[in-house]
Amino acid sequence: MTRGRPPLQAQEDANPIAEKRGLVRHYQHEKGTVCDFTIMNPERVAFVQVRRVRRLCCSIEELVRVFSADIAALRFIVSSPAISRELWLCSPKGVWRFFRICDQSILELGRDGMPLAPAAPALTKKVVPVDPVPAAK
């Protein structure tokens, strides 16, 4: 369950991002409303819920724990390749993270609605033995 007032400033800040993705239709904020707005374009319809958070640096596991009620509500929307259920998170400094709520997982998206590439494994330094340099004569 969410606490406090609706994130009106975050919803307003989300408009330019949403409008770049397609036609935006806002919902009247009432008790039981799952989404704040819908984005429609030829590829898919995105049902979007906007939340304001104090800290965006969190793992998917922490996201699931903190926003479990919001994620459960979004999962009530029918799932299909043409439908995207999205949770948009905004920090107080105006930094955004976007997530697609799938049936069994959560996928991080870019501003354009496309999935972000999975993080590359961390590179480790490989120590390569070096032959000693022959002494100059």
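Things to note:
- Cα shape, segment 15-57, gyration tensor, a/c 1.5 rule: oblate
- A DSSP coil position with no more than 13 other Cβ atoms inside 10 Å describes the following GluC sites (Glu not before Pro) in segment 29-66: 30, 43.
- Residue 30 versus residue 64: modelled label distance in nm, points set 7 Å from Cα along the beta carbon direction: 3.3
- Computed from the Kirkwood radius of its Cα pairs, the Stokes-Einstein diffusion coefficient for segment 1-100 at 10 °C and 1.306 mPa s stands at 114 µm²/s.
- Calculated FRET value between residue 72 and residue 8, using beta carbons and R₀ = 22 Å, to 0.05: 0.40
Quick note: the coordinates plus some simple rules give every number you see, no bench work behind them. As the structure is a prediction and not an experimental result, all values here were calculated from the model. No Cβ is skipped: glycine too gets one built from the backbone with ideal geometry, and neighbour counts run over all protein chains shown.
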